[in-house]
1. In the list 87, 109, 94, which residue meets the criterion of being surrounded by fewer than 24 Cβ atoms within 10 Å (Cβ to Cβ), under 17 Å from the mean Cα position of the chain (by Cα) and under 22 Å from residue 153 (Cα atoms)?
2. Looking at region 134-160, which of its residues are within 22 Å of residue 222 (Cα to Cα), free of Cβ contacts under 8 Å to residues at least 60 places away in the same chain and outside any strand (DSSP E or B)?
3. Have a look at 19, 94, 5, 49 and point out the one that is farther than 23 Å from residue 237 by Cα and touching an Asp or Glu at 6+ places or on another chain (Cβ under 9 Å).
4. Can you name every residue in region 24-42 that is among the hydrophobic types (A, V, I, L, M, F, W, C) and either at pLDDT below 95 or closer than 19 Å to residue 75 by Cβ (or both)?
5. Which condition number in (1) at pLDDT below 95; (2) within 24 Å of residue 166 (Cα to Cα) is the one that residue 94 fails?
6. Output the strands (runs of 3 or more DSSP E) that fall wholly within region 161-257 and possess 1 or more residues being aliphatic (A, V, I, L, M) and at pLDDT 95 or above, or say none.
7. Determine which member of the set 160, 150, 132 is more than 30 Å from residue 4 (Cα to Cα), surrounded by 16 or more Cβ atoms within 10 Å (Cβ to Cβ) and touching a helix residue (DSSP H, G or I) at 6+ places or on another chain (Cβ under 8 Å).
8. With a cut-off of at least 3 residues that are of a type in the set (Val, Ile, Thr), name the strands (runs of 3 or more DSSP E) lying wholly within region 16-129.
Amino acid sequence: MPAVALVTGAGSGIGKAAALALAADGYRVGVLGHTHQEISATADDISSAGGEAVALIADVSDERQMSDAVAQLVGRFGRLDVVVVNAGINGVWAPIDDLALSEWNKTIAVNLTGTFLTIRATVPQLKRTGGGSIVVVSSINGTRTFTTPGATAYTATKAGQVAMVQQLALELARHRIRINAVCPGEIDTDIGANTTLRKKGETEIPVVWPQGQVPITGGLPGRSEDVAEVIVFLASEKARHITGSPIWVDGGQGLLR
């Protein structure tokens, strides 16, 4: 029976690239997101390429919706082997004394609580399968760099994701479930569309960086596919001895900054 993967935030960017790459590798894929049009388009792209996909509409910060989505996926394909925890937002980047509690809560709800709810809803299915792989999409922010102006809430969630990965690697090992994090740097996606930046001048550090932020590409951002290929590797048996590890996919950006 072909393996089954769930990818959250699969409507665009890294999530969509990961869903397409997993499908190309033979997985049947549950593509999950909160925007019907985007998620349906990803599922259609997989089907057009000869793969199998089911579109799952859910808010990752909503416990019932996530539970129902996982049940729908397993009801359709009968099992679950791989979970890609990708859904996230940049949220509001602002001075700490200008950041509203509601703005903090929104970023925490999507990025950190959403990670918790996704893992909690899927682990029982991975146990039932007899093991599997979870890949959490974190960031260089909060793990390697701390220079993004005003990104306190965002970096807290990204650091928290890596801490969850390392904590759960030990807890889940007895069930043959591996869990790792990929930490992208600057990637050419549209996540900037959900970023609100206020009073940058009050939080940025006046440092002049060398030309370009990504050394390996001469300053150009990476591609979603660069991250997706690492995700496919971590999902596979080739990564059978890797768990609890953050893997930076940043072209050396985090070392420069």
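The values are calculated or read from the model by the stated rules, or taken from the named source; none is laboratory data. Predicted, not measured: the structure shown is a model, and the values here were computed from it. With ideal geometry, Cβ positions are generated from the backbone for all residues, glycine too; neighbour counts draw on all protein chains shown.
1. Being surrounded by fewer than 24 Cβ atoms within 10 Å (Cβ to Cβ), under 17 Å from the mean Cα position of the chain (by Cα) and under 22 Å from residue 153 (Cα atoms) holds for just one of 87, 109, 94, which is 109.
2. Passing the criteria: 139, 142, 146, 148, 149, 155, 158, 159.
3. After ruling out the rest, the residue left standing is 94.
4. Those that are among the hydrophobic types (A, V, I, L, M, F, W, C) and either at pLDDT below 95 or closer than 19 Å to residue 75 by Cβ (or both): 29, 31, 32, 39.
5. (2)
6. Ranges flagged: 177-184, 246-249.
7. Going through 160, 150, 132 in turn, the sole match is 150.
8. Of the strands (runs of 3 or more DSSP E) lying wholly inside region 16-129, those with at least 3 residues that are of a type in the set (Val, Ile, Thr) span 82-85.
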